[in-house]
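Enquirer: Attaching a single structure in structure tokens format; questions to follow.
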Amino acid sequence: MILAFTLIYAAILLAIGLLKPEKRDAESYFVLGRALTLPAFVATLVSTWYGGILGIGEYSYRYGISNWLVFGVPYYLAAFVFAMFLAKKARQSRYYTIPDLLFRTYGRNVSVVGAFIIFFMTVPGAYVLMLGVLIHELFGISLVLGILIGTLFSVAYTYRGGLGSVVRIDIVQFVLMFLSFMCVVIFLLVRYGGLAVLAERLPATHLTWHGGNRPQYVLVWYVIALATLVEPAFYQRCFAARSEAIARKGVLISILFWIAFDAMTTTTGLFARALLPDLVDPANAFPALAVEILPPALGALLFLGMLVTVHSTVDSYAFISANTLGRDIVWRLRGGGEDDSRRLSAWGLVISGAVAAGFAVWLKSVVDIWHHFGSVGTPALLFPLVSSFSRIPVLRPGGVLAMMICGGGLSLFWLLSPALFPGLGGEYLLGIEPIFPGLILSGGLYVWFRHKPSKRSAG
């Protein structure tokens, strides 16, 4: 039954995704001709920004409702800030990508450096890994082969139709991911009971806000969530929105759907811990629940829900990273017309897919990937990007480059400190999470360069 559901899903996606686009110009390819409606905006943003379903299952199995306070609330708050202060500005800018915005404000060097950072932040290695794990579990093939199949499948239709293909498929994925987890939660509540049963079977820490983790570890995710303010998927959807109002409303409505979906996934993870307390690998919490606890049809539906949730993020981020490589790096350095940038971005999908597959084979923990890339990318991009919306540039390009390189570089050094200094016993330098020193340095440089008098005014 799982195989049948999966094959039907694959056939539907190929039929929708490989439709010939009406227009093949750059604006249609990158931002759907800026015609994205409110329902489509919500469906594509919600499904794109929720790909880490196995990581959610792992975390809720290990730490309980803390999952909602770590991977939910901080991102809702950051998304709300984005909606209120950045969504309309992004739509007003009428650009295709974040590096376009940086280029307009600070020039080519800043734009290209920012593009390199965004490329590594958006290459969907973590999500390709999860997709490969699910394909491995479904069909019994090797993990590497599952990764390759998932990557090739995701790239094929994106190559042909650009953002239009991604959005059409995201709408299908949006419906399936909510339908699957809603059915599972209803079954578990009816079959096994509600919160009283969970409270009886779960460890006490699973019902606390921290889940047994140090407060600093919980707090750091509220800072890492600032990555939402530099999240390329948010900007791309806002660039593509039909109007400024749709851009803002779309993000605000999406927050409500994320709250609902988080409630369902966290509840499912709690039931997995209560009913399967001795799992060797908590990352398999949802697959094990589907196989060992749920009826066959419902288990197949849960597998499909996991598959579409991951896949919706793989295709979106593969598209963004391909645009970043093809348009914002190669085309920006080489030059040419807008049609050239579209062609280069289409070919960039091949390289992006290969890099993602390589990362998936090399990397292990999905949660660690979120932590590491958010800890380095946010200090590098936050202040330069937010300040780029000013009508009059408040920073010079040299100062922006210093912020990006020094802020991101310091966080990277801090992230690597356990490996660089074995005497730390696996802890970060001074016991401080990597994102904090990078943000402090980047923010300090922002204040310094903004108020530093120019040579002309000083003389």
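The values are calculated or read from the model by the stated rules, or taken from the named source; none is laboratory data. Source: prediction; values computed, not measured. For neighbour counting, all protein chains shown are included, and Cβ atoms are generated from backbone atoms with ideal geometry for every residue, glycine included.
Enquirer: Filter region 194-208 for residues that are surrounded by 13 or more Cβ atoms within 10 Å (Cβ to Cβ) and either β-branched (V, I, T) or not in a helix (DSSP H, G or I) (or both); which is farthest from the chain's Cα centre (by Cα)?
Expert: This residue is V197.
Enquirer: To continue, here is another question. Farther than 29 Å from P99 by Cβ, more than 24 Å from the chain's Cα centre (by Cα) and in contact (Cβ under 8 Å) with a residue 24 or more places away in the chain - does that describe any residue in region 165-180? Steps first, please.
Expert: First pass over region 165-180, keeping only residues farther than 29 Å from P99 by Cβ: 172, 175-180.
The next check asks that each one be more than 24 Å from the chain's Cα centre (by Cα); those that pass are none.
Checking region 165-180: not a single residue is farther than 29 Å from P99 by Cβ, more than 24 Å from the chain's Cα centre (by Cα) and in contact (Cβ under 8 Å) with a residue 24 or more places away in the chain.
Enquirer: Still on this structure, I have one more. Quick check: is even one residue across region 412-434 modelled with pLDDT under 90, of a type outside the set (K, R) and under 29 Å from Y50 (Cα atoms)?
Expert: Scanning region 412-434, I find at least one residue that is modelled with pLDDT under 90, of a type outside the set (K, R) and under 29 Å from Y50 (Cα atoms), so the answer is yes.
Enquirer: Return yes when V355 is touching a residue at least 60 places away in the same chain (Cβ under 8 Å), assigned by TED's automatic domain parsing to the domain that holds S142 and of a type in the set (A, V, I, L, M, F, W, C) and no when it is not. First the steps, then the outcome.
Expert: Values: touching a residue at least 60 places away in the same chain (Cβ under 8 Å): yes; assigned by TED's automatic domain parsing to the domain that holds S142: yes; of a type in the set (A, V, I, L, M, F, W, C): yes.
Spelling it out, V355 is indeed touching a residue at least 60 places away in the same chain (Cβ under 8 Å), assigned by TED's automatic domain parsing to the domain that holds S142 and of a type in the set (A, V, I, L, M, F, W, C).
Enquirer: Does region 225-240 contain any residue that is touching a residue at least 12 places away in the same chain (Cβ under 8 Å), part of a helix (DSSP H, G or I) and over 20 Å from the mean Cα position of the chain (by Cα)? Talk me through it step by step, then tell me what you get.
Expert: Pass one, region 225-240, residues touching a residue at least 12 places away in the same chain (Cβ under 8 Å): 225-240.
Within this subset, residues satisfying the condition of being part of a helix (DSSP H, G or I) are 225-230, 232-240.
Add one more test, that the residue is over 20 Å from the mean Cα position of the chain (by Cα), and what stays is none.
For region 225-240, residues touching a residue at least 12 places away in the same chain (Cβ under 8 Å), part of a helix (DSSP H, G or I) and over 20 Å from the mean Cα position of the chain (by Cα): absent.
Enquirer: Name, by its number, the condition in (1) of a type in the set (V, I, T); (2) surrounded by fewer than 22 Cβ atoms within 10 Å (Cβ to Cβ); (3) under 18 Å from the mean Cα position of the chain (by Cα) that does not hold for T151.
Expert: Of (1) of a type in the set (V, I, T); (2) surrounded by fewer than 22 Cβ atoms within 10 Å (Cβ to Cβ); (3) under 18 Å from the mean Cα position of the chain (by Cα), only one is false for T151: (2).
Enquirer: What helices (runs of 4 or more DSSP H) completely inside region 78-191 contain at least 2 residues that are in contact with a Cys (Cβ under 6 Å, 6 or more places away or on another chain) and not assigned by TED's automatic domain parsing to the domain that holds R248? Break it down into steps so the answer makes sense when it comes.
Expert: Details: elements: 87-93, 98-106, 108-122, 125-139, 143-161.
Correct list: empty, since no element meets the threshold.
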